Amino acid sequence: MDMLFKGRLSRRMLLKAGAGATALIAMPSVLRAQTKELVVGGAAGHKPWVESIVIPAFEKKYNCKVIFEGTRSLVNLEKMQKNKGSQYMSVVQMDDPVMILAVKEGLLDPLTPAKAPNLANLVPGSTHMDAMWANYLQPWLGIAYNKSVMKTTPTSWTELFDPKYKGRVIIPSLQNTEGLPNIFMAGHLASGAAMDAAQKDTDAGFKKLATLKSNLLTIYTQQPQAYNLLEQGEAYMIACGMSSYALERKAAGAPIDLVAPKEGVFAMPSGIAVIKGAPQSELAFAYVNEMLGADFQSKLAEPTFSLATNKAVPRPAGLAADVKIHQIDWANVAAEREGWIKRWDREMAI
């Protein structure tokens with residue numbers, strides 16, 4: 001039997017009990033609860049920094065246990081589909097094109113300023129489809145180049161088309177998300193159209209990109225193979241090179257670098273969302289809010305070689321404040337990508 005029900009209660013005991021109850025009421029409910037388990041689905045490549053930086057800090061602050069399931073975005077989508085109505089995951093960190101599919105199937109719970117106050121502190125273009133998800137980091141795309149064979153740093157996307165680089169350029173396939181901006185930039189260079197317009201009308205981009213074929217060494221679907229060629233000096237440049245991969249290779253000692261051409265760079269998506277019917281909904285929104293906050297993002301931007309989306313976090317070293325960062329219209333990509341891939345297969349074979 002509880003001690004409170006044994007005999008008479010002293011005034012001191014009542015005051016002590018009252019103070020304890022007041023403290024419990026004052027604490028956020030997510031902290032009052034017993035240790036809870038939050039399951040987050042994300043990319044396998046994110047596991048090292050999620051488990052070393054994010055999870056320890058979040059678990060300590062919210063008195064919970066976080067389990068990170070590292071796989072691919074499409075696999076996480078399949079898990080949500082199969083468990084619709086009885087989800088076991090609460091949060092997903094996925095690429096934006098896959099987030100769009102999740103929204104269409106009603107699998108996400110919208111973010112609101114009340115549940116995720118840090119939404120108000122994000123740079124424009126970081127929230128999507130009425131805040132169904134948000135970007136917490138943005139790897140950026142520029143030109144990766146071999147410093148040993150190129151004595152002059154490339155400064156413009158136009159250099160990819162220079163005949164002196166015949167057989168020395170690599171680009172990603174359109175099957176790869178990082179391959180899409182090559183069409184947009186090619187259209188911008190060909191027509192002078194603003195980037196938003198170049199993303200909508202890609203005809204000029206395809207025609208311009210076809211003139212690059214004589215300069216191509218290969219078109220890749222697997223990044224490691226492409227970067228092996230770059231590091232060995234067989235390729236001189238890769239466009240678009242992704243910061244989270246190219247700068248990691250540079251940090252490991254590879255003779256390469258990534259530059260931001262004068263026409264600007266492209267922001268790639270790292271999205272985060274709460275799953276509809278999440279078993280730990282309150283804790284899930286807290287996790288998302290922390291990932292959108294300046295504290296977490298300032299700790300993640302450097303090791304992931306990415307742009308933060310919180311306004312309070314400065315750009316990483318090497319990316320000047322005046323460099324234009326082009327956001328990609330992922331809803332347009334989702335609607336048009338299948339047709340683009342068919343045209344790519346017809347016109348870009350080498």
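The values are calculated or read from the model by the stated rules, or taken from the named source; none is laboratory data. The structure presented is a predicted model; accordingly, all values stated were derived computationally and were not measured. Note: ideal-geometry Cβ built from the backbone for every residue, glycine included; neighbour counts use all protein chains shown. Ligands, DNA and RNA are excluded from the accessible area calculation, which covers all protein heavy atoms including side chains. Shrake-Rupley method; radii C 1.70, N 1.55, O 1.52, S 1.80 Å.
Here are a few things to note about the model shown:
- Single residue of the range 270-283 satisfying the filter (farther than 19 Å from Ala120 by Cβ and of a type in the set (Gly, Ala, Ser)) that is nearest to the chain's Cα centre (by Cα): Ser270
- Scope the range 300-319; condition under 15 Å from the mean Cα position of the chain (by Cα), buried (at least 16 other Cβ atoms within 10 Å of the Cβ) and not small (Gly, Ala, Ser); matching residues: Leu300, Thr304, Phe305, Leu307, Thr309, Asn310
- Qualifying residue in the range 108-120 (condition: more than 20 Å from Phe296 (Cα to Cα) and either out of contact with any Ser or Thr (no Cβ under 9 Å at 6 or more places or on another chain) or at pLDDT below 95 (or both)): yes
- With respect to being among the β-branched types (Val, Ile, Thr) and either touching a Gly at 6+ places or on another chain (Cβ under 7 Å) or closer than 24 Å to Asp196 by Cβ (or both), Thr158 fits the description.
- Selection within the range 54-88 - over 22 Å from Asp130 (Cβ atoms), open to solvent by less than 70 Å² (accessible area, probe 1.4 Å) and outside any helix (DSSP H, G or I): Cys64, Val66, Ile67, Phe68, Glu69, Gly70, Thr71, Asn83
- The sole residue among Tyr287, Tyr227 that is farther than 23 Å from Ser173 by Cα, of a type outside the set (A, V, I, L, M) and open to solvent by less than 10 Å² (accessible area, probe 1.4 Å) is Tyr287.
- Some residue of the range 101-118 being of a type in the set (Gly, Ala, Ser), farther than 21 Å from Ala331 by Cβ and part of a helix (DSSP H, G or I): no
- Taking the range 243-291 as the range and being in contact with a Ser or Thr (Cβ under 8 Å, 6 or more places away or on another chain), within 30 Å of Lys82 (Cα to Cα) and polar (S, T, N, Q) as the test, the residues that pass are Ser270, Gln280, Ser281.
- For the range 320-348, the tally of residues that are over 17 Å from the mean Cα position of the chain (by Cα) and either acidic (Asp, Glu) or under 18 Å from Thr177 (Cα atoms) (or both) stands at 15.
- Of the residues Ala267, Ala235, Ala198, the single one that is open to solvent by less than 10 Å² (accessible area, probe 1.4 Å) and within 19 Å of the chain's Cα centre (by Cα) is Ala267.
- Scanning the range 243-270 for residues that are at pLDDT 95 or above and touching a helix residue (DSSP H, G or I) at 6+ places or on another chain (Cβ under 8 Å) yields Ala246, Arg249, Ala254, Pro255, Ile256, Asp257, Leu258, Pro261, Glu263, Gly264, Phe266.
For (1) polar (S, T, N, Q); (2) under 20 Å from the mean Cα position of the chain (by Cα), each residue gets a yes or a no:
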residue	(1), (2)
Ala204	no, no
Thr218	yes, no
Tyr227	no, no
Arg249	no, yes
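- Cβ separations smaller than 7 Å between residues 6+ apart or across chains give the following pairs from the range 252-264 residues that are over 13 Å from Ile238 (Cβ atoms) and open to solvent by 10 Å² or more (accessible area, probe 1.4 Å) to residues that are part of a strand (DSSP E or B) and at pLDDT 95 or above: Pro255/Asn146; Ala260/Gly142.
- Considering residues of the range 89-104 that are in contact with a Phe, Trp or Tyr (Cβ under 8 Å, 6 or more places away or on another chain) and over 20 Å from Ala44 (Cα atoms) only, the residue least open to solvent (accessible area, probe 1.4 Å): Ile100
- Filtering the range 34-75 to residues that are modelled with pLDDT of 95 or more and of a type in the set (S, T, N, Q) leaves Ser52, Asn63.
- Restricting Met185, Met132 to residues that are in contact with a Leu (Cβ under 7 Å, 6 or more places away or on another chain) and open to solvent by less than 40 Å² (accessible area, probe 1.4 Å) narrows the list to Met132.
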